[in-house]
Amino acid sequence: MTRRSATDESTTWTDELARWMAPFLEGLGHKGRRRWAPLYMEGLLGPGDRKSVQPMAARIAPADHEQLHHFIATSAWDPAPLEAGLAHEAERLVGGREAVLIIDDTSLLKQGRHSVGVARQYSGQAGKTTNCQCLVSLTLARGEVPVPIALRLFLPQEWTDAPARLRRAGVPAAARTARTKGEIALAELDRARAAGVTAGTVLADAGYGASAEFRHALTARKLRWAVGIPYTQKVFPVAVHVPTPRARSPLGRPRKHGVPSHVRRSAAEMLAGARWRSVTWRRGTRGPLRAQFAAVRVRVADGPTPRGKGRLPGPLAWLVGERRANGDRKYYLTNHPAETPLRRLAAVIKARWSCEQAHQQMKEELGLDHFEGRSWLGLHHHALFSMLAFTFLQHLRLGSPRRKKNAARPATEPLAPRRAAHPPRARTASPASLPRLPRARRLSPPALGH
């Protein structure tokens with residue numbers, strides 16, 4: 001068998017990129033934009049440790065730095081067609097009943113104060129409060145394969161309270177109103193669903209799951225969800241009931257809300273006497289990944305709030321606790337059905353890890369955090385192309401339009417209104433770990449004409 005040369009491999013790589021990019025280029029319209037988009041993709045995917053505009057232009061289009069910078073940083077092309085195409089490709093690769101849709105955020109560390117949205121805020125990457133931008137993210141994942149479908153900048157209050165600062169950074173009028181990360185995530189979730197994205201369960205950490213309004217919004221959309229919560233989250237025993245209130249006297253007006261039959265307790269207190277079991281949810285590179293889990297049915301204390309009192313019982317849910325080997329304890333709520341086994345609950349909850357790996361790989365290999373511009377437009381254009389580059393590498397990695405049926409671990413139901421039917425039984429097969437992305441950058445792209 002004849003061995004292919006490096007030139008042959010490089011040609012194959014660039015040919016496949018051109019074929020894969022063709023549907024996305026149709027959404028850009030203008031001929032010049034259709035020229036620069038593939039070049040920017042090759043800059044992100046190709047060799048080089050720095051993926052900001054200037055060093056990429058020096059490698060792939062040394063005579064056209066200004067044009068490449070204009071395309072990504074100032075040209076006002078509409079990203080919506082490319083975002084819709086990204087959602088369609090993600091659905092083709094990993095969407096369906098077995099997928100999870102993960103809501104999270106990722107930080108971009110920054111110096112100075114002029115880049116859009118930069119402020120002193122908590123960064124999970126740094127593990128502390130520091131100067132950074134924060135992007136709310138949505139990632140569609142099935143088994144060991146994540147595909148990012150949304151990155152939207154969160155604007156802290158010091159930005160939304162400064163109209164002149166917003167104008168200088170080019171923040172569009174529709175995005176200048178203060179929004180929580182949860183509100184941004186829900187808007188992106190609605191956009192993804194409208195684009196045809198399907199998944200079995202929506203996952204989020206305690207930064208989102210601690211909000212009763214966020215959980216209510218997911219339920220109102222008839223979605224299955226599993227979210228992290230703080231250990232202080234109040235819950236009621238499943239047997240709690242709230243009697244119909246009576247007037248205190250024959251002439252008095254009856255109270256609006258009754259008094260619960262049981263006292264609220266924190267999540268940690270509710271699970272203190274529960275039965276904990278060792279659960280293995282998948283195999284990692286160093287062997288099985290396991291922890292101690294416990295789960296009880298509860299009524300979440302997120303119902304109406306009588307004057308001067310805590311929240312009344314809300315809907316039924318699973319309260320799940322996790323004891324890790326290092327001593328950490330985590331707590332979760334999920335609206336999975338009452339018959340869901342503990343192993344299934346643990347596997348779905350732990351599926352959230354793949355979005356963090358995607359964030360790390362987009363930064364380390366595709367330059368997500370290398371953009372040096374200051375504008376809203378440029379940051380979101382760069383983030384969109386980082387997601388497209390990541391998705392193209394996942395396309396290469398899978399090597400076929402669809403994965404084999406048994407290659408992924410199922411969640412529960414699609415991102416569509418839930419049905420009364422029972423969810424499918426969980427398969428026992430679990431992936432070993434999240435493999436690294438295929439490095440197209442090892443195959444140096446050929447020199448391109450200008």
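The values are calculated or read from the model by the stated rules, or taken from the named source; none is laboratory data. Just so you know, these numbers come straight off a predicted model, no measurement behind them. Note that each Cβ is placed from the backbone with ideal geometry, even for glycine, and that neighbours are counted across all protein chains shown.
Restricting the stretch 181-194 to residues that are hydrophobic (A, V, I, L, M, F, W, C) and within 12 Å of A150 (Cα to Cα), the residue that is surrounded by the fewest Cβ atoms within 10 Å (Cβ to Cβ) is A187. Beta carbons closer than 6 Å, at least 6 apart along the sequence or on distinct chains, never pair a first residue in the stretch 173-193 that is in the same structural domain as W225 (by TED's automatic domain parsing) with a second that is basic (K, R) and in a loop (DSSP other than H, G, I, E, B).
Among the residues of the stretch 218-239, not one is without any contact (Cβ under 8 Å) to a residue 60 or more places away in the chain and aromatic (F, W, Y). Tell me which residues, restricted to the stretch 125-156, are farther than 30 Å from A194 by Cα and surrounded by fewer than 22 Cβ atoms within 10 Å (Cβ to Cβ). Scanning the stretch 125-156 gives Q125, A126, G127, K128, T129, T130, N131. Contact map, the stretch 272-301: residues that are loosely packed, with under 15 Cβ neighbours inside 10 Å paired with residues that are of a type in the set (V, I, T) and part of a loop (DSSP other than H, G, I, E, B), Cβ distance under 8 Å, separation 6+ or inter-chain. Pairs shown: R297/V238. Taken together, the residues in the stretch 281-339 that are farther than 22 Å from E144 by Cβ, at pLDDT below 90, of a type in the set (K, R) and out of contact with any helix residue (DSSP H, G or I) (no Cβ under 8 Å at 6 or more places or on another chain) amount to 2. The number of residues in the stretch 279-301 being over 24 Å from Q233 (Cα atoms) and in a strand (DSSP E or B) comes to 9.
Out of all the residues in the stretch 127-155, which are among the polar types (S, T, N, Q) and closer than 12 Å to D104 by Cβ? Listed by number, the residues that qualify are S137, T139. One residue is enough: does the stretch 40-62 have a residue meeting the conditions within 22 Å of the chain's Cα centre (by Cα), hydroxyl-bearing (S, T, Y) and surrounded by 22 or more Cβ atoms within 10 Å (Cβ to Cβ)? Checked the stretch 40-62: no residue is within 22 Å of the chain's Cα centre (by Cα), hydroxyl-bearing (S, T, Y) and surrounded by 22 or more Cβ atoms within 10 Å (Cβ to Cβ). Note on the stretch 347-365: residues that are in a helix (DSSP H, G or I), of a type in the set (A, V, I, L, M) and surrounded by 23 or more Cβ atoms within 10 Å (Cβ to Cβ) amount to 4. When you go through W77, W36 one by one, which is the residue that is in contact with a Leu (Cβ under 7 Å, 6 or more places away or on another chain), under 24 Å from D369 (Cβ atoms) and free of Cβ contacts under 8 Å to residues at least 40 places away in the same chain? Matching residue, one of W77, W36: W36. Assessment of the stretch 242-250 against the conditions (hydroxyl-bearing (S, T, Y) and either on the phi > 0 side of the Ramachandran plot or in contact (Cβ under 8 Å) with a residue 24 or more places away in the chain (or both)) yields no matching residue.
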